[in-house]
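Only one structure is covered here, and it is reproduced in the block below.
The values are calculated or read from the model by the stated rules, or taken from the named source; none is laboratory data. All values reported here derive from a predicted model rather than from experimental measurement. Note that we place each Cβ from the backbone using ideal geometry, even for glycine, and neighbour counts take in every protein chain shown. These accessible areas exclude ligands, DNA and RNA; they are computed on the full protein's heavy atoms, side chains included. Shrake-Rupley method; radii C 1.70, N 1.55, O 1.52, S 1.80 Å.
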Amino acid sequence: MSSLGLVVEGGGVRAIYAAGVLDVLHDACLPFDGVIGVSAGAIHGCSFVSGQKGRSLGIYKRFCKDKRFFSFRTLFRTGDIVDAKFCYHDIPSVHFPYDDTAFAASPMRFYVTCSNLETGRAEYLHLTDMREQIDALRASASLPYVSRIVRYRGMKLLDGGCIDPIPIKAFQALGYTHNVLVLTQPAGHNKKDRDAALAKLFYRRYPAFCKAFERCPAHYQEILRYIEMQEREGKVFVIRPEQAIPVGRLSRDRNKIQLAYDLGRRDALNRLAALDEWLAGIGKT
(Lines give C-alpha, C1' and ligand atoms only; values in the text may rest on other atoms or scores of the structure.)
Protein backbone atom coordinates (compact mmCIF):
# COMPACT_ATOMS: atom_id res chain seq x y z
CA MET A 1 0.00 0.00 0.00
CA SER A 2 1.36 3.42 -0.95
CA SER A 3 2.04 6.11 1.63
CA LEU A 4 1.58 9.67 0.36
CA GLY A 5 4.07 12.37 1.27
CA LEU A 6 4.37 16.08 0.59
CA VAL A 7 7.83 17.62 0.17
CA VAL A 8 8.17 21.42 0.30
CA GLU A 9 11.29 23.23 -0.88
CA GLY A 10 12.45 26.45 0.79
CA GLY A 11 13.82 29.67 -0.66
CA GLY A 12 13.33 32.50 1.82
CA VAL A 13 10.56 34.94 0.94
CA ARG A 14 10.42 33.42 -2.55
CA ALA A 15 8.96 30.30 -0.95
CA ILE A 16 5.69 32.14 -0.34
CA TYR A 17 5.00 30.58 -3.76
CA ALA A 18 4.83 27.26 -1.93
CA ALA A 19 2.31 28.73 0.52
CA GLY A 20 0.02 29.49 -2.42
CA VAL A 21 0.33 25.91 -3.65
CA LEU A 22 -0.31 24.53 -0.16
CA ASP A 23 -3.47 26.59 0.26
CA VAL A 24 -4.86 25.06 -2.94
CA LEU A 25 -3.90 21.58 -1.73
CA HIS A 26 -5.60 22.37 1.59
CA ASP A 27 -8.88 23.08 -0.21
CA ALA A 28 -8.50 19.88 -2.23
CA CYS A 29 -8.43 17.83 1.02
CA LEU A 30 -5.82 15.41 -0.28
CA PRO A 31 -4.93 12.33 1.80
CA PHE A 32 -1.34 13.13 2.74
CA ASP A 33 0.23 10.87 5.34
CA GLY A 34 3.27 13.04 5.97
CA VAL A 35 4.81 16.43 5.21
CA ILE A 36 8.48 17.39 5.17
CA GLY A 37 9.71 20.94 4.69
CA VAL A 38 13.04 22.68 4.31
CA SER A 39 13.68 26.16 5.69
CA ALA A 40 10.79 28.45 4.66
CA GLY A 41 9.13 25.36 3.20
CA ALA A 42 9.01 23.93 6.72
CA ILE A 43 7.51 27.16 8.06
CA HIS A 44 4.73 27.04 5.48
CA GLY A 45 4.37 23.29 5.90
CA CYS A 46 3.53 23.49 9.59
CA SER A 47 0.58 25.80 8.86
CA PHE A 48 -0.58 23.32 6.21
CA VAL A 49 -0.56 20.49 8.76
CA SER A 50 -2.59 22.59 11.22
CA GLY A 51 -5.05 23.46 8.45
CA GLN A 52 -4.54 27.22 8.69
CA LYS A 53 -5.10 28.34 5.12
CA GLY A 54 -3.83 31.85 4.41
CA ARG A 55 -1.77 32.07 7.60
CA SER A 56 1.60 32.28 5.86
CA LEU A 57 0.46 34.97 3.44
CA GLY A 58 -1.06 36.97 6.28
CA ILE A 59 2.15 36.84 8.31
CA TYR A 60 4.42 37.77 5.44
CA LYS A 61 2.29 40.65 4.18
CA ARG A 62 1.77 42.10 7.65
CA PHE A 63 5.34 41.84 8.90
CA CYS A 64 7.58 41.92 5.80
CA LYS A 65 8.57 45.53 6.54
CA ASP A 66 8.92 44.95 10.29
CA LYS A 67 12.60 44.95 11.27
CA ARG A 68 11.91 42.19 13.78
CA PHE A 69 10.77 39.89 10.98
CA PHE A 70 14.16 40.16 9.33
CA SER A 71 16.70 42.96 9.00
CA PHE A 72 20.40 43.62 9.19
CA ARG A 73 19.73 45.82 12.20
CA THR A 74 18.35 42.76 13.98
CA LEU A 75 21.37 40.79 12.79
CA PHE A 76 23.78 43.30 14.28
CA ARG A 77 21.76 43.49 17.49
CA THR A 78 21.17 39.77 18.09
CA GLY A 79 23.39 37.75 15.75
CA ASP A 80 20.29 36.54 13.87
CA ILE A 81 18.76 38.23 10.86
CA VAL A 82 15.34 37.42 12.33
CA ASP A 83 14.25 38.23 15.86
CA ALA A 84 13.80 34.70 17.18
CA LYS A 85 11.50 35.69 20.03
CA PHE A 86 9.26 37.73 17.76
CA CYS A 87 9.10 35.27 14.86
CA TYR A 88 8.96 31.96 16.71
CA HIS A 89 7.13 32.92 19.89
CA ASP A 90 5.25 36.23 19.58
CA ILE A 91 3.78 35.63 16.12
CA PRO A 92 2.45 32.10 16.81
CA SER A 93 1.24 33.03 20.30
CA VAL A 94 -0.17 36.53 19.83
CA HIS A 95 -0.34 37.92 16.28
CA PHE A 96 -1.23 34.84 14.20
CA PRO A 97 -1.97 32.15 16.79
CA TYR A 98 -0.87 28.68 15.79
CA ASP A 99 -3.54 25.99 16.14
CA ASP A 100 -1.71 23.44 18.28
CA THR A 101 -4.88 21.41 18.78
CA ALA A 102 -5.41 20.98 15.05
CA PHE A 103 -1.74 20.13 14.55
CA ALA A 104 -1.90 17.42 17.22
CA ALA A 105 -5.10 16.00 15.72
CA SER A 106 -3.83 15.96 12.14
CA PRO A 107 -3.30 12.53 10.56
CA MET A 108 -0.21 13.94 8.85
CA ARG A 109 3.22 13.44 10.42
CA PHE A 110 5.40 16.54 10.15
CA TYR A 111 9.15 16.65 9.59
CA VAL A 112 11.69 19.45 9.21
CA THR A 113 15.08 19.20 7.52
CA CYS A 114 18.14 20.67 9.24
CA SER A 115 21.88 20.62 8.56
CA ASN A 116 24.05 19.12 11.28
CA LEU A 117 27.30 21.11 11.44
CA GLU A 118 29.29 18.47 13.27
CA THR A 119 28.43 15.52 11.03
CA GLY A 120 27.88 17.33 7.73
CA ARG A 121 24.67 15.38 7.30
CA ALA A 122 21.04 16.35 7.12
CA GLU A 123 18.72 15.65 10.03
CA TYR A 124 15.06 14.84 9.38
CA LEU A 125 13.29 15.67 12.61
CA HIS A 126 9.75 14.47 13.35
CA LEU A 127 7.89 17.20 15.26
CA THR A 128 4.89 16.41 17.43
CA ASP A 129 4.63 19.61 19.49
CA MET A 130 5.25 22.93 17.78
CA ARG A 131 5.65 24.77 21.09
CA GLU A 132 8.12 22.41 22.72
CA GLN A 133 10.02 21.70 19.50
CA ILE A 134 9.95 25.17 17.96
CA ASP A 135 13.76 25.34 17.95
CA ALA A 136 13.85 22.51 15.40
CA LEU A 137 11.70 24.59 13.06
CA ARG A 138 13.87 27.62 13.77
CA ALA A 139 17.00 25.61 12.98
CA SER A 140 15.58 24.48 9.64
CA ALA A 141 15.14 28.13 8.61
CA SER A 142 18.35 29.55 10.13
CA LEU A 143 20.22 30.82 7.10
CA PRO A 144 24.00 30.39 7.17
CA TYR A 145 26.17 33.43 7.92
CA VAL A 146 23.25 35.53 9.15
CA SER A 147 21.98 33.19 11.89
CA ARG A 148 23.44 31.82 15.05
CA ILE A 149 23.88 28.07 15.27
CA VAL A 150 20.83 26.47 16.86
CA ARG A 151 21.50 23.91 19.56
CA TYR A 152 18.78 21.28 19.64
CA ARG A 153 18.92 17.92 21.45
CA GLY A 154 22.69 17.97 21.58
CA MET A 155 23.08 18.87 17.89
CA LYS A 156 24.36 22.05 16.27
CA LEU A 157 22.02 22.88 13.43
CA LEU A 158 21.43 25.33 10.59
CA ASP A 159 19.22 25.64 7.50
CA GLY A 160 18.45 22.25 5.98
CA GLY A 161 18.85 23.65 2.48
CA CYS A 162 22.63 23.80 2.98
CA ILE A 163 22.84 20.02 2.64
CA ASP A 164 19.53 18.56 1.40
CA PRO A 165 17.38 21.25 -0.27
CA ILE A 166 14.81 18.75 -1.63
CA PRO A 167 14.67 15.76 0.76
CA ILE A 168 12.80 13.40 -1.53
CA LYS A 169 15.17 10.44 -1.07
CA ALA A 170 15.07 10.82 2.71
CA PHE A 171 11.28 10.91 2.74
CA GLN A 172 11.10 7.82 0.59
CA ALA A 173 13.47 6.11 3.01
CA LEU A 174 11.08 7.04 5.83
CA GLY A 175 8.35 5.07 4.06
CA TYR A 176 6.61 7.67 1.91
CA THR A 177 6.49 5.72 -1.33
CA HIS A 178 4.76 8.37 -3.44
CA ASN A 179 5.27 12.10 -3.05
CA VAL A 180 3.96 15.42 -4.23
CA LEU A 181 6.84 17.87 -4.56
CA VAL A 182 6.32 21.62 -4.21
CA LEU A 183 9.40 23.25 -5.70
CA THR A 184 10.20 26.96 -5.74
CA GLN A 185 12.54 27.01 -8.74
CA PRO A 186 11.63 26.33 -12.37
CA ALA A 187 12.80 23.25 -14.23
CA GLY A 188 16.47 23.37 -15.18
CA HIS A 189 17.47 25.74 -12.40
CA ASN A 190 21.19 25.69 -11.73
CA LYS A 191 21.97 26.24 -8.08
CA LYS A 192 24.97 28.56 -7.71
CA ASP A 193 27.74 27.90 -5.23
CA ARG A 194 28.06 31.46 -3.94
CA ASP A 195 26.20 30.58 -0.72
CA ALA A 196 29.03 28.24 0.27
CA ALA A 197 31.92 30.49 -0.77
CA LEU A 198 32.64 31.68 2.77
CA ALA A 199 31.87 28.44 4.58
CA LYS A 200 35.50 27.63 5.37
CA LEU A 201 35.86 31.04 6.99
CA PHE A 202 32.64 31.11 9.00
CA TYR A 203 32.43 27.41 9.85
CA ARG A 204 36.08 26.33 9.84
CA ARG A 205 35.46 24.35 13.04
CA TYR A 206 33.04 22.13 11.10
CA PRO A 207 34.92 20.71 8.09
CA ALA A 208 32.29 18.02 7.39
CA PHE A 209 29.62 20.71 7.08
CA CYS A 210 31.85 22.88 4.86
CA LYS A 211 32.48 19.97 2.52
CA ALA A 212 28.78 19.07 2.28
CA PHE A 213 27.74 22.71 1.87
CA GLU A 214 30.24 23.25 -0.95
CA ARG A 215 28.90 20.17 -2.69
CA CYS A 216 25.27 21.31 -2.45
CA PRO A 217 25.01 22.78 -6.00
CA ALA A 218 26.15 19.49 -7.54
CA HIS A 219 23.89 17.58 -5.15
CA TYR A 220 20.97 19.79 -6.18
CA GLN A 221 21.46 18.86 -9.84
CA GLU A 222 21.62 15.19 -8.87
CA ILE A 223 18.34 15.56 -7.00
CA LEU A 224 16.68 17.16 -10.02
CA ARG A 225 17.81 14.27 -12.24
CA TYR A 226 16.49 11.81 -9.68
CA ILE A 227 13.16 13.64 -9.57
CA GLU A 228 12.88 13.44 -13.36
CA MET A 229 13.41 9.68 -13.18
CA GLN A 230 10.86 9.34 -10.38
CA GLU A 231 8.35 11.36 -12.40
CA ARG A 232 8.72 8.97 -15.33
CA GLU A 233 8.14 6.04 -12.98
CA GLY A 234 5.04 7.66 -11.49
CA LYS A 235 6.53 7.93 -8.00
CA VAL A 236 6.40 11.71 -7.69
CA PHE A 237 4.16 14.52 -8.85
CA VAL A 238 5.80 17.95 -9.18
CA ILE A 239 4.32 21.42 -8.88
CA ARG A 240 6.85 24.14 -9.71
CA PRO A 241 6.92 27.63 -11.25
CA GLU A 242 7.19 27.81 -15.01
CA GLN A 243 9.65 30.72 -14.73
CA ALA A 244 11.85 32.14 -11.99
CA ILE A 245 9.73 33.77 -9.31
CA PRO A 246 10.42 37.54 -9.41
CA VAL A 247 10.90 37.82 -5.65
CA GLY A 248 14.18 38.01 -3.78
CA ARG A 249 15.04 35.79 -0.82
CA LEU A 250 14.69 38.77 1.54
CA SER A 251 12.09 40.84 -0.31
CA ARG A 252 10.03 43.36 1.66
CA ASP A 253 7.69 44.18 -1.22
CA ARG A 254 4.11 43.24 -0.30
CA ASN A 255 2.99 43.36 -3.92
CA LYS A 256 5.71 40.92 -4.98
CA ILE A 257 4.90 38.65 -2.05
CA GLN A 258 1.26 38.60 -3.16
CA LEU A 259 2.39 37.95 -6.75
CA ALA A 260 4.51 34.96 -5.75
CA TYR A 261 1.67 33.55 -3.65
CA ASP A 262 -0.79 34.03 -6.53
CA LEU A 263 1.59 32.28 -8.92
CA GLY A 264 1.66 29.32 -6.57
CA ARG A 265 -2.12 29.21 -6.43
CA ARG A 266 -2.39 29.48 -10.20
CA ASP A 267 0.10 26.71 -10.87
CA ALA A 268 -1.51 24.42 -8.32
CA LEU A 269 -5.00 25.01 -9.69
CA ASN A 270 -3.74 24.32 -13.22
CA ARG A 271 -2.26 21.03 -12.05
CA LEU A 272 -5.16 19.80 -9.93
CA ALA A 273 -6.82 17.68 -12.63
CA ALA A 274 -3.51 15.98 -13.43
CA LEU A 275 -2.84 15.51 -9.72
CA ASP A 276 -6.22 13.87 -9.22
CA GLU A 277 -5.45 11.48 -12.09
CA TRP A 278 -2.03 10.67 -10.59
CA LEU A 279 -3.57 10.03 -7.18
CA ALA A 280 -6.16 7.72 -8.69
CA GLY A 281 -3.39 5.82 -10.40
CA ILE A 282 -1.64 5.10 -7.08
CA GLY A 283 -4.90 4.33 -5.26
CA LYS A 284 -4.94 7.50 -3.11
CA THR A 285 -8.22 9.22 -3.96
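General observations
- Among (1) open to solvent by 40 Å² or more (accessible area, probe 1.4 Å); (2) assigned to a helix (DSSP H, G or I), the one test that PRO31 misses: (2)
- On the stretch given as the range 113-147, residues that are on the phi > 0 side of the Ramachandran plot and touching a residue at least 60 places away in the same chain (Cβ under 8 Å) total 1.
- Of all residues in the range 16-71, those satisfying the criterion of being over 11 Å from the mean Cα position of the chain (by Cα), under 17 Å from ASP267 (Cβ atoms) and of a type in the set (A, V, I, L, M, F, W, C) are VAL21, LEU22, VAL24, LEU25, ALA28, LEU30, PHE48, LEU57.
- Subset of the range 226-240 [in contact with a Gly (Cβ under 9 Å, 6 or more places away or on another chain) and surrounded by fewer than 16 Cβ atoms within 10 Å (Cβ to Cβ)]: GLY234
- Residue check, ASP90 at pLDDT 95 or above, under 23 Å from HIS26 (Cβ atoms) and either under 17 Å from the mean Cα position of the chain (by Cα) or of a type in the set (Asp, Glu) (or both): no
Per-residue answers, yes or no, for (1) small (Gly, Ala, Ser); (2) open to solvent by 80 Å² or more (accessible area, probe 1.4 Å); (3) at pLDDT 95 or above:
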position	(1), (2), (3)
PRO217	no, no, no
LEU224	no, no, yes
GLU242	no, yes, no
VAL247	no, no, no
LEU250	no, no, no
ASP262	no, no, yes
ARG265	no, no, yes
LEU275	no, no, yes
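- Of all residues in the range 61-89, those satisfying the criterion of being under 21 Å from VAL146 (Cα atoms), open to solvent by 20 Å² or more (accessible area, probe 1.4 Å) and outside any loop (DSSP other than H, G, I, E, B) are PHE72, ARG73, LEU75, PHE76, ARG77, THR78, ALA84, LYS85, CYS87, TYR88, HIS89.
- Within the range 45-60, the set of residues being in a loop (DSSP other than H, G, I, E, B) and touching a residue at least 40 places away in the same chain (Cβ under 8 Å) comprises SER50, GLY51, GLN52.
- Among the candidates ILE36, ILE16, residue that is closer than 20 Å to ASP83 by Cβ, in contact with a Leu (Cβ under 9 Å, 6 or more places away or on another chain) and touching a residue at least 40 places away in the same chain (Cβ under 8 Å): ILE16
- Being among the hydrophobic types (A, V, I, L, M, F, W, C) and more than 17 Å from the chain's Cα centre (by Cα) holds for only one residue in ALA173, ALA136, ALA122, and it is ALA173.
- Of the residues examined, ASP262 is not one that is farther than 20 Å from LEU158 by Cα and in contact with a strand residue (DSSP E or B) (Cβ under 8 Å, 6 or more places away or on another chain).
- Pair list, Cβ under 9 Å, 6 or more apart: the range 163-185 residue under 17 Å from HIS126 (Cβ atoms) and among the aromatic types (Phe, Trp, Tyr), other residue open to solvent by 20 Å² or more (accessible area, probe 1.4 Å) and not in a loop (DSSP other than H, G, I, E, B): PHE171/TYR124
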